[in-house]
Amino acid sequence: MSVADISIKKRIGLKLYKQYKKNATKLHKLNYIFWECTLRCNLNCLHCGSDCKKDAHVPDMPITDFIGAIDKLKDIVDPNNTMIAITGGEVLLRKDIEDAGRELYKRGFPWGIVTNGMLLSKERLNSLLNAGMRAITISLDGLNDSHNWLRNNKHSFEKVISAVKLLPQVENLKYDVVSCINTQNFDELNELKNLLIEIGIKEWRVFTIFPIGRAKVNDLLQLNPQQFKALFDFIAQTRKEGKIDMSYGCEGFLGNYEKEVRDDFFFCQAGINIASILADGSISACPNLRENYKQGNIYKDNIAEVWENKYQIFRDRSWTKTGICADCKEYEYCEGNGLHLRNEETGELAFCHLQRIEEGE
Amino acid sequence: MKKVKIKYYSAYNAIILSLLGILGLTSSCEKIGIDPVAEYGVPSAKYIVNGNVTNSTDNTPIKNIRVVMKGDTAFTDNSGNYNIVDNYGFPGNQKIDIEFADIDGATNGNFHNLDTVVEFKNPEYTNGDGNWYEGETSKEFNIELDKK
């Protein structure tokens, strides 16, 4: 499949979806909130820092502070249709996540967690479910050696597999496994897929690692262009097989791979439907949008007013039409890629998916 | 944003999603009723409300009363019956706002509008998918409107 060879039908779809995105931006309906509940972590992953800069010296946010901020949103969100995704650091290092969950559940919010699985026992899972948890995402980055290499811990594979095996046993729980694909696990994709199918996992989301933070100086973390393209062919083929619902993460306009490797066309919803409350109280969009992307702080600002009146950098993306995006003929569908891949001060784009796939053809 | 603008853009996007569906490019937002998800889907359940709208004075059925519940709109038929659906409710006990409005003036009689709440307590669901979608539940909700 050639990335640039977009069919007429898909072009029409992209045109329609472009208008959909414009309308959604005008509506900016908040329906997804990340809470970075801690910056503490029990692993020291090689790729950490490519997405965010962790500082374990920031204390965990008290639950009353977080819930207080959520309560301020009552006039602008429909709780039943607003997902709260609790992230970290490692969420399960906090023993009081269930308390936060119960408060969210009482208010009608569905909530879930993202975890590395190291601390997910059957007992802890039951405790979370009893607090109303409806969704869980676990990271699994390859088979034994490659997972342990990336996670920098020789026991992490064994532990995460135990955790993953718990998931299919729970009725009415939405779960998926996410994997960061890199040079060390690339050749294992098929084996990893079969392992997940054997365990009973229904959904598998994969990401790639980009040259930011530690990944900038570690070539083993980044796929070469041929591998990068082959990954999308693998996802498209796996989706056709229908044994597991595999998809690529939410970033990057993918040309003719649009709708072939994800359910939806590309749409970076940061600041349009998605907000986050970071560990220090900062209000942002996705948790990996930090620094100048921050729009306020729950300890100083009313989060509802911030959502309604700020976020201009997210809702008018014309500033991203610089560098390689300036002359790109697909800009109208892409609008500068995911904002976490773009320096908000210089406008520089760290990574273009389309370009990298073309290089691999 | 003003309510009318919200309705306009929401309806506009619903049309776009329908067109994408016709093209065979269905979006997950259509399946679960909210905008595309970033990390997770959202648990959902279908709430069906049906009933009869009658004149409080003589108990006769009222035709063409507009019924609005969340994103759905219905009109009563010649027998005063209506059926309305919230496809994307949250599983569990629910209190859902429902509006009954006389929008045709004197044509079928002049009646006061009514904004009320339909309550689902310990709902039982059927036909869930064992995953995000809990299933559907229904309730009969009969209404009497007062004449102006």
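Read-outs throughout are calculated quantities, based only on the coordinates presented, and are distinct from any laboratory measurement. Computed from a predicted model, the values in this text were never measured in an experiment. Backbone-built Cβ (ideal geometry, glycine too); neighbour counts: all protein chains shown.
For B:Asn113, the residues whose modelled amide H falls within less than 5 Å of its own, excluding neighbours fewer than 5 places apart on the same chain, are B:Asp102. Residues in the stretch A:111-119 carry Karplus couplings, in order, of 9, x, 10, 10, 9, 8, x, 4, 10 Hz; the curve used is 6.51 cos²θ - 1.76 cosθ + 1.60 with θ = phi - 60°, and Gly or Pro positions show x. For the stretch B:53-61, putting each phi into the Karplus relation 6.51 cos²θ - 1.76 cosθ + 1.60 with θ = phi - 60° gives couplings of 10, 10, 6, 5, 7, 10, 6, 7, x Hz, in residue order, rounded to whole numbers and with x for Gly and Pro. Ordering A:Thr238, A:Thr208 by the number of other Cβ atoms within 10 Å of each residue's own Cβ, fewest first, gives A:Thr238, A:Thr208. With a/c under 1.5 counting as rounded, go ahead and sort the stretch A:210-295 into rounded, prolate or oblate using the C-alpha gyration tensor (a ≥ b ≥ c being the square roots of the eigenvalues; past the cut-off, prolate if a/b is larger than b/c, else oblate). Oblate shape, in that a/c is at least 1.5 and b/c is the bigger or equal ratio. Put in order of Cβ neighbour count within 10 Å, fewest first, the listed residues A:Trp149, A:Trp319, A:Trp35 become A:Trp319, A:Trp149, A:Trp35. Structural descriptor for the stretch A:320-361: relative contact order 34 percent, calculated from alpha carbon pairs under 8 angstrom and at least 6 residues apart.
With contributions of -39500 (n - 2.57) from each DSSP H run of at least four residues, the per-residue ellipticity at 222 nm computed over chain A stands at -9500 deg cm²/dmol. DSSP bridge analysis restricted to chain A gives an antiparallel fraction near 15%, rounded to the nearest 5.
Ordering A:Lys22, A:Lys10 from the fewest to the most neighbouring beta carbons within 10 Å gives A:Lys22, A:Lys10.
Using the Cβ-Cβ distance between A:Gln169 and A:Gln237 with R0 set to 35 Å, the FRET efficiency from 1/(1 + (r/R0)^6) comes to roughly 0.75.
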